[in-house]
Amino acid sequence: MQPKTMDDEQVAEPLTKADFEALARFRFGIRRYLRFSEQTVRSHGLTPQHYQLLLALKGFPGREWATMSELADRLQLRHHSVGELVNRAQTQELVDRAPDPADARVVRVELTPPGQRALARLSALHRDELRRLGTALIPPDWSDPADGES
């Protein structure tokens, strides 16, 4: 089955003015947060992509390292783009590559102590900004009121 496109028959219920306002408010919150993030990260000498890489490594589920393929998935980038990003981050001594002790074919990307410190500083600022934004980044709730009834 092919996914629906904008030209296909609309099967979803139409949006109300309140729906559009909620979407616009959420989109504004996302953009405001991203702009804050970009400016903050750059003011600390990193690119937004480097910050995202560091965060993806530290926040990887169950461990604090990842493979290139895992990073490509987490960052939604092509494998070769992640390789270039990791190369640049390694030049800045933010990350290192290390062989996986269990499988020599696998290369782990790990944070260095300077990468850990930069990430800790920047993430604390990001957390504080998210607190300031409050409900601006909470997605609209369009759950069916009938779902809550028994």
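The values are calculated or read from the model by the stated rules, or taken from the named source; none is laboratory data. Computed from a predicted model, the values in this text were never measured in an experiment. Here the Cβ positions follow ideal geometry from the backbone for every residue, glycine too, while neighbour counts run over all protein chains shown.
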Task: The lone exception for D96 - which of (1) loosely packed, with under 12 Cβ neighbours inside 10 Å; (2) of a type in the set (D, E, K, R); (3) outside any helix (DSSP H, G or I) it fails - done: (1)
TODO: Please give the number of the condition V86 fails out of (1) of a type in the set (V, I, T); (2) modelled with pLDDT under 95; (3) farther than 30 Å from E21 by Cβ.
DONE: (2)
Task: Subset of region 50-67 [of a type in the set (D, E) and under 13 Å from L122 (Cα atoms)] - done: none
- [ ] Mind telling me which of the residues L71, L53, L57, L77 ends up being at pLDDT 95 or above and more than 16 Å from R97 (Cα to Cα)?
- [x] L77
Open item on the list: Which count do you get for residues in region 40-80 that are surrounded by 14 or more Cβ atoms within 10 Å (Cβ to Cβ) and not acidic (D, E)?
Closed with: 25
Task: Given (1) surrounded by 12 or more Cβ atoms within 10 Å (Cβ to Cβ); (2) assigned to a strand (DSSP E or B); (3) modelled with pLDDT under 95, index of the condition V109 fails - done: (3)
Open item on the list: With the requirement that a residue be free of Cβ contacts under 8 Å to residues at least 40 places away in the same chain and either within 17 Å of Q116 (Cα to Cα) or hydrophobic (A, V, I, L, M, F, W, C) (or both), what does region 11-41 give you?
Closed with: V11, A12, L15, A18, F20, A24, L34
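What is the residue count in region 101-120 for residues that are of a type in the set (A, V, I, L, M, F, W, C) and out of contact with any Leu (no Cβ under 8 Å at 6 or more places or on another chain)? Lay out the reasoning, then the answer.
Kept after step one, since they are of a type in the set (A, V, I, L, M, F, W, C), are these residues of region 101-120: 102, 104, 106-107, 109, 111, 118-120.
Of the ones still in play, those that are also out of contact with any Leu (no Cβ under 8 Å at 6 or more places or on another chain) are 102, 104, 106-107, 120.
Total satisfying the criteria: 5.
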